[in-house]
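Notes follow once the structure below has been shown.
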Amino acid sequence: MTEFLLATAGVILFTVAVGLVRILGGPGDADRMMAAQLIGTGGIGSLLLIAAATGEHGIEDVALGLALLAAFASAAFVNSGAPAEEPGADAADVR
Amino acid sequence: MSLLVDIFSVIAISAGVFFYLAGTVGLLRFPDTLSRLHALTKADNLGLGLVVLGLLPRAGSPLAALKLLAIWALVQLASATTAQLIGRAVRRKGRVA
Amino acid sequence: MILVQALDLGLGLLVFAVGAWTVFARGPFAATVGYVVYGLLLSLVWIRLFAVDVALTEAAIGSGVTGLLLIGAAARMRDAETTAHEKPLSGPLRLAIAALCVLVALALAAVVLLLPDNGPSLAPQSLHHLAETGLGNPVTAVLIAYRAFDTMLEKVVLVLAVVGVWSLAQDRYWGGAPGEARAERPEPTLAFLAQVLAPLGILVGVHIFWVGADEPGGAFQGGAILAAMWMIVMMARLSEAPATRARWLRLALIAGPVVFLAAGVAGAVFAGGFFAYPPGFAKPVILFIEAFMVLSIAVTLPMLVTGPPRRETRQ
């Protein structure tokens with residue numbers, strides 16, 4: 001069973017790797033914004049499988065943190081290119 | 001009994017991995033950014049859900065199982081919203097560029 | 001086992017490839033994305049090295065907070081158009097830089113690979129005395145019990161960093177607020193994300209801090225997650241960075257190091273030595289110190305990321 005869990009974790013990491021090749025090379029920054037999403041779902045999947053396989057403590061907490069931080073990173077990526085939507089806001093005041 | 005649990009886990013996790021692979025195939029083959037976004041967020045999340053389902057019977061305690069479900073719910077919520085966010089940004093960039 | 005080694009090797013190669021891509025990426029945004037991805041993958045590597053506390057910190061600080069810092073810097077550079085006037089680095093200079101970096105990396109790799117199998121280590125002693133501290137997590141024991149003085153100085157360094165960042169403000173904005181004002185009509189999707197994530201994130205952050213006494217986690221990781229939640233609320237423009245002259249802000253920034261130092265001095269009075277903890281009472285004292293550390297970190301990191309004051313607050 002442990003081998004199966006580790007093997008599936010490896011397969012998921014492999015899909016993350018292949019996806020990364022596609023996304024990071026993707027034309028334009030729009031594609032690259034999805035990278036945090038990909039790592040988020042793929043990374044959490046393999047983390048949970050590795051946790052079940054090795055029985056190490058605390059990996060689920062890392063998965064929780066990773067879920068929050070992947071969403072945070074995606075929001076930051078999206079926000080970096082977006083001008084303010086408010087009327088009358090200073091267009092140069094972009095974060 | 002434990003054999004049944006193991007078989008259930010194997011089936012669920014394998015289905016989950018299948019959806020991860022499907023999502024990646026979609027990422028590679030779909031023609032434009034929005035459909036790639038769709039493939040990534042929907043298929044990968046379903047894969048994660050099935051993996052969590054497969055790991056639930058193996059959890060050490062009801063609290064651990066609850067934590068697994070909480071992780072899945074958080075990822076669902078966060079990635080659905082993030083998909084919308086990224087989609088908007090992609091459309092906005094397409095209009096400006 | 002061959003499967004585990006294949007997994008680890010694949011993970012290592014992936015991290016290396018992403019790192020290489022980041023170095024050669026075009027444009028600051030692409031490089032920042034690569035860096036954040038690299039950080040998140042690196043936290044997986046730490047888990048495989050059985051350093052779960054470090055994995056949490058890498059994900060929270062290495063890719064979360066630092067990633068946002070880099071994104072802000074890249075956006076500001078793009079807007080300021082300073083890079084348009086810079087000469088690109090010459091070829092030979094780039095080659096020399098690359099050669100130097102590779103040499104340092106090789107030297108580090110050689111040192112790690114040549115370490116003796118049973119090198120000098122204090123790990124057995126630290127585990128041996130763990131029961132006296134009342135803690136179950138040796139990492140927390142090292143941070144707050146065995147080398148508490150060092151950790152306290154690190155918190156002081158954070159305060160100094162904030163002072164340094166604030167001192168970059170223009171004279172007329174001194175005491176004002178960094179970042180942007182709260183928006184009248186914030187963008188709905190981002191606002192929804194912030195409203196959903198922030199309460200859950202606060203729960204998770206406090207949980208990771210609390211559980212750090214016995215399981216992987218701790219004040220720094222919990223505080224970093226709380227900081228990320230405040231930053232996402234500020235990103236969504238649902239809340240704004242406070243004015244730097246605000247008394248509560250300044251108190252919150254120094255609360256951590258001050259309480260830490262006070263505990264150390266109290267140890268000299270009540271427990272027989274600077275930073276000694278009363279035996280049998282160590283764990284409550286440690287948790288008390290950590291609670292204030294969490295507060296300080298959760299306030300300091302967003303202040304470092306939002307930068308120097310750029311506007312006056314509405315009076």
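General remarks:
- Within 10 Å of each Cβ in C:27-39, the average number of Cβ atoms from other chains: 5
- Shape of the protein assembly as shown, Cα gyration tensor, a/c cut at 1.5: rounded
- Taking the number of Cβ atoms within 10 Å of each Cβ as an exposure proxy, the fewest-first ranking of B:Ile11, C:Ile232 is B:Ile11, C:Ile232.
- Three-way shape call for segment C:1-77 based on the alpha-carbon gyration tensor, with the a/c threshold at 1.5: oblate
- Cβ-based exposure ranking for B:Tyr20, C:Tyr35, C:Tyr146, in which fewest neighbours within 10 Å come first: C:Tyr146, C:Tyr35, B:Tyr20
- For peptide B:65-78, the mean count of partner chain Cβ atoms within 10 Å of a residue's Cβ comes to 6.
- Computed over chain C: relative contact order in percent, which uses C-alpha pairs under 8 Å that are six or more apart: 21
- Whole-Hz Karplus values for segment A:60-72 come out as 5, 5, 5, 4, 4, x, 4, 4, 4, 6, 5, 5, 4 Hz, taken residue by residue from phi with 6.51 cos²θ - 1.76 cosθ + 1.60 and θ = phi - 60°; glycine and proline positions read x.
- Ascending count of other beta-carbon atoms within 10 Å, so fewest first, for B:Asp44, C:Asp171, C:Asp214: C:Asp171, C:Asp214, B:Asp44
- Kirkwood hydrodynamic radius computed over segment C:183-253 comes to 13.3 Å, based on all pairs of distinct alpha carbons.
- Computed from backbone phi, the HN-Hα couplings of segment C:105-113 come to 4, 5, 4, 4, 4, 4, 4, 5, 6 Hz, rounded to whole numbers (Karplus: 6.51 cos²θ - 1.76 cosθ + 1.60, θ = phi - 60°; Gly and Pro given as x).
- Amide H to amide H distances under 5 Å link C:Arg311 with C:Ala177, where only residues 5 or more positions off or on other chains count and H is placed in the peptide plane.
- When each of C:Lys155/C:Lys283; B:Lys67/C:Lys283; B:Lys67/B:Lys93; C:Lys87/C:Lys155 is checked by Cα-Cα distance, pairs over 31 Å: B:Lys67/B:Lys93; C:Lys87/C:Lys155
- Separation of alpha-carbon centers, segment C:258-293 and segment C:1-28, rounded to whole Å: 43
- Taken over chain C, the alpha-carbon convex hull comes to 187 cubic angstrom per residue.
- Segment C:149-225 versus segment B:1-32: alpha-carbon centroid distance in Å: 37
- 222 nm mean residue ellipticity, helices alone, for chain C (DSSP H n ≥ 4; -39,500 (n - 2.57); rounded to 500): -22000 deg cm²/dmol
- For chain B: relative contact order, % (alpha-carbon pairs under 8 angstrom, 6 or more apart): 31
- Nonlocal amide H pairs with C:Glu180, under 5 Å, H built at 1.01 Å: C:Ala241
- For segment B:42-56, 3J(HN,Hα) computed residue by residue from phi via the Karplus equation (6.51, -1.76, 1.60; θ = phi - 60°) reads 6, 5, 5, 5, 5, x, 4, x, 5, 4, 4, 4, x, 8, 4 Hz, glycine and proline entered as x.
None of the figures in this text is laboratory data; all of them are computed from the coordinates on show. Treat the numbers as computed from the prediction; the structure is a model and nothing was measured. Virtual Cβ from ideal backbone geometry, glycine too; neighbours counted across all protein chains shown.
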